[in-house]
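**Q** If you scroll down you'll find the structure; I have some questions about it.
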Amino acid sequence: MVFKKTYSTLSSEELIAKEKSNMDEQRFQHCIGVSETARKLARLNHYDEEKAALAGFIHDYAKQVPVEEFIAAIKDPANGFDQDLLNWNRAIWHGIVGSHFIERDLKISDDEILTAIKRHTTADVTMTTLDKIVFVADFIEPHRDFPGVETARKVAFANLDDGVGFELAHTLEFLVKQRAKIYPKTIAAYNVWSIKKE
Ligand code: GDP
Ligand code: FE
Ligand code: FE
Ligand code: FE
């Protein structure tokens, strides 16, 4: 795994070392899986493979950042975060607020990459090709094992937009079964990407 110096001032080795030191081994392996799957989806969808592989690799960089650090980042007026984020948790923060840590620690300023990180958990009403690639790769990478993952892979490799729709419906079903609080953006995204066409 080698990342060209296009999107970060860090070398590939530095980038990989920082990613690895910020999470446990299982999460690190997940990130490698997402990177490889993102590369594959990029090839299928005529998107920049290097950029997709990098975005996939770093998407969960902040997954295990301590809660206190997230809260401090949200409260810091310099960052301009919506204070409603304080009502959520790390499941929601690690993408939306995680992009702040990625910019700071991994020296990445590319807006398309940072936006894909921000949207990788909840998706959004509008999604760029890179947003879709990271969102879907996260769900279907080879380490993922849940009832329905094979269907998710088949659908996503056949059509990226359908992959987004399938994933949002599946995630919402899972969250509703648990009576979990749904982030409004997740519902808005579902209404765009998962609804059957007439
Ligand atoms: P991961 O970081 O690779 O585990 O995957 P994600 O970033 O996609 O999701 C992290 C967690 O957030 C998962 O357990 C999702 O089910 C959960 N999640 C996704 N959308 C929502 C939401 O709207 N509300 C809540 N409470 N959790 C969500
Ligand atoms: Fe994540
Ligand atoms: Fe996801
Ligand atoms: Fe992930």
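The values are calculated or read from the model by the stated rules, or taken from the named source; none is laboratory data. Every value quoted in this text rests on a predicted model; they were computed, and no experiment measured them. Cβ coordinates were reconstructed from backbone atoms using ideal geometry, including for glycine residues, and neighbour counts include every protein chain displayed. Keep in mind that these areas ignore ligands, DNA and RNA; they rest on the heavy atoms of the full protein, side chains included. Shrake-Rupley method; radii C 1.70, N 1.55, O 1.52, S 1.80 Å.
**Q** Using Cα pairs under 8 angstrom and six or more residues apart, how large is the relative contact order of the chain, in percent?
**A** Reported as a whole number, the value is 20 percent.
**Q** Across segment 183-191, in residue order, what do the Karplus-derived ³J(HN,Hα) couplings come to in whole Hz, using 6.51 cos²θ - 1.76 cosθ + 1.60 with θ = phi - 60° and x for Gly and Pro?
**A** Result, rounded to whole Hz: 5, x, 5, 5, 5, 4, 5, 4, 5.
**Q** Rounded to the nearest 500, what is the 222 nm mean residue ellipticity of the chain from helices alone, with -39500 (n - 2.57) per DSSP H run of 4+ residues and division by all residues?
**A** Theoretical 222 nm ellipticity from helices: -19000 deg cm²/dmol.
**Q** Explain nothing, just compute: Karplus ³J(HN,Hα) = 6.51 cos²θ - 1.76 cosθ + 1.60, θ = phi - 60°, for every residue of segment 129-145 in order, whole Hz, x for Gly and Pro.
**A** Going residue by residue, I get 4, 5, 4, 5, 4, 5, 4, 6, 4, 4, 7, 10, 4, x, 7, 5, 9 Hz, with x marking Gly and Pro.
**Q** Can I ask one more? What ranking do 112-118, 191-197 get when scored by the average of other Cβ atoms within 10 Å per residue, highest first?
**A** Result, highest mean first: 112-118, 191-197.
**Q** Something else now. Using alpha carbon centroids, what distance separates segment 161-177 and segment 54-128, in Å?
**A** A separation of 21 Å, based on Cα centres.
**Q** Give me the dipole magnitude in Debye, nearest 20, for segment 12-193 about the Cα centre, with unit charges on the beta carbon: positive for Lys and Arg, negative for Asp and Glu.
**A** The dipole of segment 12-193 has a size of about 480 debye.
**Q** Oh, and also: Counting just the Cα atoms, what span does the chain cover along each of its three principal axes? Round to the nearest Å and put the largest first.
**A** Over the chain, Cα extents along the principal axes are 46, 37, 28 Å.
**Q** Tell me the carbon and sulfur percent of the accessible area for segment 12-193, rounded to whole percent, probe radius 1.4 Å.
**A** Roughly 52 percent of what the probe reaches on segment 12-193 is carbon or sulfur.
**Q** Still on this structure, please answer the following. Which of ALA72, ASN191, SER12 sits farthest toward the positive end of the charge dipole of the chain, with +1 on the Cβ of Lys and Arg and -1 on the Cβ of Asp and Glu?
**A** The one lying farthest along the dipole's positive direction is ASN191.
**Q** Could you provide, to the nearest whole Å², the per residue accessible area of segment 53-157 with probe 1.4 Å?
**A** Each residue of segment 53-157 exposes 41 Å² on average to a 1.4 Å probe.
**Q** Using the reciprocal of the averaged 1/r over all distinct C-alpha pairs, how large is the Kirkwood radius of segment 86-193 in Å?
**A** Taking the inverse mean of 1/r over all distinct Cα pairs, segment 86-193 comes out at 14.3 Å.
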